[in-house]
Amino acid sequence: MKRLHSALLAFSRATIGGAFWLATRSFHYVEVRGLENDSRALHTYYAMAHKRDLDPMVLVPTVVFHRGWRGLSGDVHFALRGDGFAPGYLARLVMYPRWISRALRLLSIGPALRWLGAHPTDDLLRPAELWIRDLLSLGNDGPAGDVFSPDLIEEIATATGEPYGKIEASSLSQLLDWRYQHALQHFYRPEILAGTIRRPLERHVIASIKVRLADLDAWLWSGGSLFGSPEGQLSPDGKLSPINSGLHRVLRAAPADTRVVPIITVYDFMTIGRIRIFIDFAPAIEDAPALSPNEFDTRLRLAWLQSARFTCTQLASGFLVEAHRAGLSSFTLDDLADDLHHRAITLAAAGRHVDQQLLKPQGTRKRAARFLAYAARHGVVRRTRDHRWVPTVAETVIKVRPREVGYDQLPLMYAWNELQEMLSIQKIDALPV
């Protein structure tokens, strides 16, 4: 029976992993480097720096197939965000078009995720819809006005165009009606709950978190490995987020020889045509449980940044921001290409990872032209009649709601933030920062 289960699981993982591999490689250029740093040992935690929702689809097939039969038959499990196991998760991922989102809301993939080896991880920052479902599971279906803060009720009323009083009087189960779905997807902490409701529900969620963390440790002690995001969220502004305390708790109770393999993904996304994705596996952090939280965080962050690939997106963003600050009135494609090529060579000579196309003049010019086409569409450069380019940069601090990202709203500043953090670990005299 156990062999049959392993065979079915391997077939399912191979099918899903193959589909992910084909889907991501068909529409993106993907390059993987450093797989030799994964020795496929037991008690391995694959620590992914999280940039896009696409990251797991790109990375999971690489990790699973690299581990061979053991990876396919289930020795790697996945730590996923807790709301992924709740009803309506697919509708939250695919909000538009709305008819597709509504159809996806009927699907609950939690049981399938668990069978495939996924574990829910959670914290006290959750979608409003999930807070409602938690309350309903505890038998509370009272009026929204007795449960939620006036600010949240006002937000829902504004988003839906319905009167405040109607939202306030609606029962929690009524708020799960489809017409409120889009208004309940922002993430909130328990502060949105009324005082009499907040403490009991907080205790309930915290107890659930502890059980789930214990499940992760039990899996490591059984000889398994884990794949997850130590940050616990997507990068909101291009910079790495702090390491989630949940991972520290897992490592405290994990086997002493647990090793952490840092994985960093960099997107060359400011381009027309196919987005280029660079995945780098850094050397493993051995015996991670013996490290203090501060030392572990420092080593993990350094491993991510040292391995990160410099692409045209980051380096060209640096050129534009610096041109804007220097008051440069205009530049040519050749100016940008020459600057990118010089930066790339300087970084490569310093031992940093660089997109190999930027080390060749022809490749650099091609990437620069595609960057400028993208930048013009997004209003950060303007082309003149004499084939020059004028920087129209607006330096803006990226401010987004919790668990939301700013790369689609302010791509230039997102890439600039990435560049500054990648350069922060090694100042290079010949390279402007």
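The values are calculated or read from the model by the stated rules, or taken from the named source; none is laboratory data. Keep in mind that what you see is a predicted model, and the values were worked out from it rather than measured. All Cβ positions, glycine included, derive from the backbone under ideal geometry; neighbour counts span all protein chains shown.
The single condition from (1) at pLDDT below 90; (2) of a type in the set (G, A, S); (3) surrounded by fewer than 16 Cβ atoms within 10 Å (Cβ to Cβ) that G82 fails is (3). Of all residue pairs spaced 6 or more apart or on separate chains, those with beta-carbon atoms under 8 Å, a first member in the stretch 323-338 that is surrounded by 15 or more Cβ atoms within 10 Å (Cβ to Cβ) and a second member that is among the acidic types (D, E) are H324/E395. Considering the stretch 183-199, and only residues there that are in contact (Cβ under 8 Å) with a residue 24 or more places away in the chain and out of contact with any helix residue (DSSP H, G or I) (no Cβ under 7 Å at 6 or more places or on another chain), the residue that is farthest from D83 (Cα to Cα) turns out to be E191. In the stretch 46-62, the qualifying residues are those that are touching a residue at least 40 places away in the same chain (Cβ under 8 Å), in contact with a helix residue (DSSP H, G or I) (Cβ under 7 Å, 6 or more places away or on another chain) and not in a loop (DSSP other than H, G, I, E, B), and the one that is nearest to Q233 (Cα to Cα) is M48. For the condition in the same structural domain as S208 (by TED's automatic domain parsing), in contact with a helix residue (DSSP H, G or I) (Cβ under 8 Å, 6 or more places away or on another chain) and surrounded by fewer than 18 Cβ atoms within 10 Å (Cβ to Cβ), what is the one hit in L9, L113? Only one candidate qualifies: L113.
For S208, the requirement of being of a type in the set (S, T, Y), out of contact with any Leu (no Cβ under 7 Å at 6 or more places or on another chain) and under 30 Å from S229 (Cα atoms) is met.
Here T196 meets each of (1) under 21 Å from A103 (Cβ atoms); (2) of a type in the set (S, T, N, Q); (3) loosely packed, with under 14 Cβ neighbours inside 10 Å with one exception, condition (1). Residues that are assigned to a strand (DSSP E or B), over 16 Å from R198 (Cβ atoms) and at pLDDT below 95 do not occur anywhere in the stretch 109-117.
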